[in-house]
Amino acid sequence: MTSEPDEPRRDLFLRDGLEEEDVVRVHREALRVLRDSIETAHVDAYSDIAWPLEVVPAYEQVISLAANEVAEGVRSAKSDPGMGIDVDVRDDVQFDALLALAPYTIHAEGWQQGREIFSASDTGTALWISVTSEQEVRLMSRLEALGVPRTAFTTQPRRRRGLFARWPRRRTA
């Protein structure tokens, strides 16, 4: 079910203090719930930690996507090959790569009609999503089934310092 862009949404932020496995589950389930709403997505093929072995194939996949963008003339050969790699969430292989990397990347994002609805960053420590009430119910149900605490999200952003502390970001033409 695709949500309407003007449907009311609620901002949810990843709460500090979760177990690492739960952080990974939260990122992935949020993406699964939002998949039908995401029109464009991007991921950075960088992490502040070594990529876990199980996600290395996904890393290689998105690097290949970036190389294909250069070959097709969509991406400048001078651009950083690991930054802002387009991911087609309708393609199961590309979506699986995004699912694998999102909890570990320095940044991944998903957009619906010019509005950001998913942002994962800081190598798993920061996650912000904008969900409809129906998506929130589905997400909480999925997390509960996985044993993730219902308190995994908060409606208040954590205090961040510095220039890049604004959440959520909005694309400006």
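In segment 63-80, is there at least one residue being in contact with a helix residue (DSSP H, G or I) (Cβ under 9 Å, 6 or more places away or on another chain), in a helix (DSSP H, G or I) and either at pLDDT 95 or above or open to solvent by 20 Å² or more (accessible area, probe 1.4 Å) (or both)? Within segment 63-80 (the criterion being in contact with a helix residue (DSSP H, G or I) (Cβ under 9 Å, 6 or more places away or on another chain), in a helix (DSSP H, G or I) and either at pLDDT 95 or above or open to solvent by 20 Å² or more (accessible area, probe 1.4 Å) (or both)), the answer is yes, since at least one residue qualifies. Condition check for V89 on (1) free of Cβ contacts under 8 Å to residues at least 60 places away in the same chain; (2) under 17 Å from F153 (Cβ atoms); (3) touching a Gly at 6+ places or on another chain (Cβ under 8 Å): one failure, at (2).
Scan segment 25-43 and tell me whether some residue there is acidic (D, E) and more than 21 Å from M140 (Cα to Cα). Yes: segment 25-43 contains one or more residues that are acidic (D, E) and more than 21 Å from M140 (Cα to Cα). When the residues of segment 28-43 are filtered to those that are under 18 Å from E134 (Cα atoms) and within 11 Å of the chain's Cα centre (by Cα), the one that is most open to solvent (accessible area, probe 1.4 Å) is R32. The set of residues in segment 82-106 being in a loop (DSSP other than H, G, I, E, B), open to solvent by 10 Å² or more (accessible area, probe 1.4 Å) and either at positive phi or of a type outside the set (D, E) (or both) consists of M83, G84, R90, Y104, I106. The test for being crowded, with 18+ Cβ neighbours inside 10 Å and either among the aromatic types (F, W, Y) or part of a strand (DSSP E or B) (or both) does not hold for Y46. For segment 1-60, a tally of residues being of a type in the set (G, A, S) and without any contact (Cβ under 8 Å) to a residue 40 or more places away in the chain returns 2. Can you tell me which residues in segment 107-151 are exposed (fewer than 15 other Cβ atoms within 10 Å of the Cβ), at pLDDT 95 or above and charged (D, E, K, R)? Correct list: E134, E144.
The values are calculated or read from the model by the stated rules, or taken from the named source; none is laboratory data. Treat the numbers as computed from the prediction; the structure is a model and nothing was measured. Counting neighbours? That spans all protein chains shown, and the Cβs are built from the backbone with ideal geometry, glycine included. The accessibility values were calculated without ligands, DNA or RNA, using every heavy atom of the protein model including side chains. Shrake-Rupley method; radii C 1.70, N 1.55, O 1.52, S 1.80 Å.
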